[in-house]
Amino acid sequence: MEQSYAGKTAVITGAARGFGLAFGRALAERGAHVVLVDIDEPAVQEAAAAIRAEGGQATGIEGDVTDATRIDAIMEVAARHTGGIDILINNAGLHSHEYNKPMQELGVAKVRRLFDVNAMGQVTCTLAAVAHMRGREGASIVSIASAAAHLGRNAYGISKLAVAGLTVAFADELGSDGIRVNAISPGLILTDTIRAELPEATKVQARSLQMIPRFGEERDIVEAMLWLTGDKARFVTGEVLRVGGGMGAGV
Ligand SMILES: NC(=O)c1ccc[n+]([C@@H]2O[C@H](COP(=O)([O-])OP(=O)(O)OC[C@H]3O[C@@H](n4cnc5c(N)ncnc54)[C@H](O)[C@@H]3O)[C@@H](O)[C@H]2O)c1
């Protein structure tokens, strides 16, 4: 039987499209009230409306994960739905073709923004959410790192290595509060953004780094999120789960 999320509130960042929207849809289908946060206001409202039209409970809120004041206010509002926050998914991230360039091409301002969104965004949202998560049965945080963290040779990979490291640090800090903290490192997954932005040759080259020879799909990452936020993973914390058909695997 499918795990139920009825009576739970889940906050998902970067939820207007891609993984974030897929996470929102999966949790709403299973009964959660999902709070979708994204810097893109029209798109996040459209995403929440689509989930509501499918029968789910969803609220869309505009917010930049680097803006601590705004994120504090968003968590306050999110916590009102069911008296707290049960699940936080730190998914918002800068990635794809643009942010995989060498640092000499990106320049200081873009590298700083990359770390602000990908790494500090996780810190900002986690710190804002924990006060509303303490004492909630099965409270769980999942952050989205990347296979690039484990192969990491550029600024994007290192920003995601920080996500993996911060996951272990927060798991240690929050374990005694009953909050589990884990991360997923997806390999290349064909979201709309990746389909549109990544040249075909780069996709094929990335697939050649896998052990399972097919492209990754959003549902592969959704399944990992459902396992990590569910009761079956109740003794799992501080873990970085690679879901990439073997990309970045190593001993
Ligand atoms: N798709 C992949 O192959 C892949 C692989 C590994 C890791 N990831 C990671 O997974 C996450 C989601 O990937 P996706 O492919 O769904 O991405 P996407 O680009 O399709 O969606 C990301 C969303 O985040 C939002 N966002 C960007 N900056 C933000 C900010 N400062 N505050 C709030 N929202 C912001 C965007 O508006 C967008 O809606 C990212 O963290 C990415 O680095 C993706």
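The values are calculated or read from the model by the stated rules, or taken from the named source; none is laboratory data. Bear in mind that the values here come from a model prediction, so they are computed numbers and not experimental data. Reconstructed Cβ throughout: ideal geometry from the backbone, glycine too, with neighbour counts over all protein chains shown.
The set of residues in region 1-15 being over 20 Å from Ala79 (Cα atoms) and touching a residue at least 24 places away in the same chain (Cβ under 8 Å) consists of Glu2, Gln3. Here region 172-207 is the region considered, the condition is being in contact (Cβ under 8 Å) with a residue 40 or more places away in the chain, among the acidic types (Asp, Glu) and more than 13 Å from the ligand (Cβ to nearest atom), and the residue that is nearest to Ser96 (Cα to Cα) is Asp172.
For region 142-162, the criterion of being away from the ligand (no atom under 16 Å from the Cβ) and free of Cβ contacts under 8 Å to residues at least 24 places away in the same chain is satisfied by no residue at all. Scanning region 197-220 for residues that are of a type in the set (Val, Ile, Thr) and either part of a loop (DSSP other than H, G, I, E, B) or in contact with an Asp or Glu (Cβ under 8 Å, 6 or more places away or on another chain) (or both) yields one hit, Ile212. Where the second residue is of a type outside the set (D, E, K, R) and not in a helix (DSSP H, G or I) and the first is over 18 Å from Ser159 (Cβ atoms) and within 15 Å of the ligand (Cβ to nearest atom) and lies in region 119-132, which pairs have Cβ atoms under 8 Å and are six or more apart or on separate chains? Matching pairs, first to second residue: Ala129/Val11; Ala129/Ile85; Ala129/Leu88; Ala129/Ile141. Each residue in region 208-219 was checked for being within 12 Å of the ligand (Cβ to nearest atom) and surrounded by fewer than 18 Cβ atoms within 10 Å (Cβ to Cβ), and 1 of them qualify.
Among the residues of region 99-122, is any assigned to a helix (DSSP H, G or I), touching a Pro at 6+ places or on another chain (Cβ under 9 Å), at pLDDT 95 or above and not charged (D, E, K, R)?
Of region 99-122, the ones assigned to a helix (DSSP H, G or I) are 99, 103-122.
Applying the additional criterion that residues be touching a Pro at 6+ places or on another chain (Cβ under 9 Å) yields none.
Checking region 99-122: not a single residue is assigned to a helix (DSSP H, G or I), touching a Pro at 6+ places or on another chain (Cβ under 9 Å), at pLDDT 95 or above and not charged (D, E, K, R).
Here is the figure for region 224-246: residues that are out of contact with any Pro (no Cβ under 9 Å at 6 or more places or on another chain) and surrounded by 13 or more Cβ atoms within 10 Å (Cβ to Cβ) total 14.
Restricting Ile194, Ile158 to those that are under 26 Å from Met120 (Cβ atoms), at pLDDT below 95 and either assigned to a helix (DSSP H, G or I) or under 19 Å from the mean Cα position of the chain (by Cα) (or both) reduces the list to Ile194.
With respect to the conditions (1) part of a loop (DSSP other than H, G, I, E, B); (2) touching an Asp or Glu at 6+ places or on another chain (Cβ under 8 Å); (3) under 21 Å from Leu226 (Cβ atoms), Gly84 lacks only one, and its number is (2). Mind checking whether some residue in region 37-57 is more than 9 Å from the ligand (Cβ to nearest atom), among the aliphatic types (A, V, I, L, M) and under 17 Å from Ser143 (Cβ atoms)? No, region 37-57 contains no residue that is more than 9 Å from the ligand (Cβ to nearest atom), among the aliphatic types (A, V, I, L, M) and under 17 Å from Ser143 (Cβ atoms).
Scanning region 1-24 for residues that are part of a strand (DSSP E or B) and either out of contact with any helix residue (DSSP H, G or I) (no Cβ under 9 Å at 6 or more places or on another chain) or near the ligand (Cβ under 9 Å from one of its atoms) (or both) turns up just one, Thr13. Taking the criterion of being in contact with a strand residue (DSSP E or B) (Cβ under 7 Å, 6 or more places away or on another chain) and in a helix (DSSP H, G or I), would at least one residue in region 180-189 satisfy it? No, there is no match, as no residue in region 180-189 is in contact with a strand residue (DSSP E or B) (Cβ under 7 Å, 6 or more places away or on another chain) and in a helix (DSSP H, G or I).
Name the residues in region 221-248 that are closer than 21 Å to Asn100 by Cβ and either in a helix (DSSP H, G or I) or in contact (Cβ under 8 Å) with a residue 60 or more places away in the chain (or both), would you?
Going through region 221-248, the residues closer than 21 Å to Asn100 by Cβ turn out to be 221, 240, 242-248.
Those that are closer than 21 Å to Asn100 by Cβ and either in a helix (DSSP H, G or I) or in contact (Cβ under 8 Å) with a residue 60 or more places away in the chain (or both): Ile221, Val240, Arg242, Gly244, Met247, Gly248.
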